[in-house]
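Quick notes on the structure that follows.
The values are calculated or read from the model by the stated rules, or taken from the named source; none is laboratory data. Every value quoted in this text rests on a predicted model; they were computed, and no experiment measured them. FYI the Cβ positions are ideal-geometry reconstructions off the backbone, even for glycines, and counts take in every protein chain you see. With ligands, DNA and RNA removed, areas are computed over all heavy atoms of the protein, side chains included. Shrake-Rupley method; radii C 1.70, N 1.55, O 1.52, S 1.80 Å.
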Amino acid sequence: MNAIDGKPDSELCSARHSLRPVHFYCRAPQATSVQLAGDFNHWNPLAMQRRDDGWWFIQVMLIHGHHQYRFLVDGKPVLDPRAAGVGRNQSNEEVSIIAVG
């Protein structure tokens, strides 16, 4: 048993608890800023890096499961057209869904 949270050590080492790098891309060549906000960062926007080809990029470490997110392009929420699906957050706003395996 793990002394910190009372779970078996084997459960803490399972794939479901391991972090995986996930790459997010947003095409917004005219934007001056693009950010990523999701349930994995408590909806606190993270600045994305602009690339020369008009795409914006960020890598985030996520655990196994489904996560909700959206881009903020110059402060306006934008869904990801390449997302696995669309859902609704706790405020009933549309959000993109990503599945991490």
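Pick from segment 1-32 the residues that are open to solvent by 60 Å² or more (accessible area, probe 1.4 Å) and among the aliphatic types (A, V, I, L, M): which of them is modelled with the highest pLDDT?
LEU19
Quickly run through segment 33-71 and pick out the residues that are more than 26 Å from SER91 (Cβ to Cβ) and open to solvent by 80 Å² or more (accessible area, probe 1.4 Å).
GLN49, ARG50, ARG51, ASP52, GLN59
When the residues of segment 72-101 are narrowed to those that are among the polar types (S, T, N, Q) and assigned to a loop (DSSP other than H, G, I, E, B), which ends up least open to solvent (accessible area, probe 1.4 Å)?
Here the answer is ASN89.
Does any residue of segment 42-50 turn out to be among the basic types (Lys, Arg), at pLDDT below 95 and out of contact with any Asp or Glu (no Cβ under 9 Å at 6 or more places or on another chain)?
no
Can you pull out every residue in segment 54-68 that is in contact with a Phe, Trp or Tyr (Cβ under 7 Å, 6 or more places away or on another chain) and in contact (Cβ under 8 Å) with a residue 40 or more places away in the chain?
Within segment 54-68, just LEU62 meets the criteria.
Restricting to segment 21-51, what's the tally of residues that are polar (S, T, N, Q) and assigned to a helix (DSSP H, G or I)?
1
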